[in-house]
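Throughout, read-outs are computed from the coordinates displayed, never taken from laboratory work. For clarity, every value in this text was computed on a predicted model and none was experimentally measured. Quick reminder, even Gly has a Cβ in these numbers, built from the backbone with ideal geometry, and neighbours come from all protein chains shown.
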């Protein structure tokens, strides 16, 4: 799922275009100065791979995980799909 497909899919869930776009920040690395309080921070992990960092309730950030607690790592398209599935409750 690319960015445009993500926004269109999120609008079906009731998000506005800007609301869907505001969920995600693409950061150069995982240093806290590059991360934001947006719901999802996509961080480059080399070789066209990304990790997703989430802001914690009490400061700091943690990696989003898939089944069995394995941290997410995948393409940018996979990251958009992961966020969509999370918000859609899939």
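By how many degrees, 0 to 90 and rounded to 10, does the Cα axis of helix 76-88 deviate from the longest principal axis of the chain? Value to nearest ten degrees: 70. To the nearest ten degrees, helix 3-12 and the longest principal axis of the Cα atoms of the chain are 60 degrees apart.
When only Cα pairs below 8 angstrom with a gap of at least 6 residues are kept, the chain shows a relative contact order of 24 percent. Here the residues 25, 82, ranked from fewest to most Cβ neighbours within 10 Å of their Cβ, fall in the order 25, 82.
If you take the Cα centroid of region 29-68 and the Cα centroid of region 5-20, the two points sit 21 Å apart. Shown is the FRET efficiency for residue 28 and residue 85, computed with R0 = 25 Å from the Cβ-Cβ distance and rounded to the nearest 0.05: 0.50.
Among DSSP beta bridges lying fully in region 3-88, give the percent that are antiparallel, nearest 5.
On the way: 9 of 14 bridges.
Counting DSSP beta bridges with both partners in region 3-88, the antiparallel share is about 65 percent.
Hey, what's the Kirkwood Rh for the chain if you take every pair of different alpha carbons, in angstrom? Evaluated on the chain, it is 13.3 Å.
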